[in-house]
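Encoded as structure tokens, the structure appears first; notes follow it.
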Amino acid sequence: MVKPGGQLLICERWTIPGAWQFPQGGVDSGETPEEALHREVREEVGLDPSHYEICEQRTGYRYLYPAEVRLRKLNKHGSHGQEQTYFRCRLHSDSPPVDVDQKSREFSGYRWIEPLEFDLDWLPAFKRDVYRQVMWDFFQVKV
């Protein structure tokens, strides 16, 4: 999510202070990636599809979970990693503020930053290559 001035939305994980990331989530059975985007944005930051527009979509980003995460995820989801689709969405200037205080809370706070301010150290090591590529592909920023 990007404001009209170019600032990027990042959110701090509820369970991991200092871990900042983009809102994200999985695609439920029967959903398109766009439907999942709209659901996840509503669930995580309280914005409806009328508050933003999709400007760009890219797919094919992949990472494998490290061994300690892989064991936990295999038991829960049967998954070794993730393939992700990223969207660049532009927030409308008359949209309400982001609200991370949702029923199933994932984030403790949020910030709007310039893309150059993104710090890969906010992420677990196994996600950094994907974010590095996303930041380049969407913002032509090397992080």
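A 1.4 Å probe run over the protein chains yields, for the chain, 58 Å² of accessible area per residue, whole-number rounding. Surface composition of the chain: carbon plus sulfur atoms hold 48% of the accessible area, using a 1.4 angstrom probe and ignoring ligands, DNA and RNA.
With a Förster radius of 41 Å applied to the beta-carbon distance between residue 29 and residue 50, the computed FRET efficiency rounds to 0.95.
The structure-derived value of Kirkwood radius over Cα pairs in Å appears in the list [x] 14.9; [y] 16.9; [z] 15.9 under the label [z].
The values are calculated or read from the model by the stated rules, or taken from the named source; none is laboratory data. In this text, all values refer to a predicted model and were calculated from it rather than measured experimentally. As a convention, Cβ positions derive from the backbone with ideal geometry for all residues, glycine included, and neighbour counts pool all protein chains shown. Note: accessible area is taken over every heavy atom of the protein model, side chains too, but ligands, DNA and RNA are not part of it. Shrake-Rupley method; radii C 1.70, N 1.55, O 1.52, S 1.80 Å.
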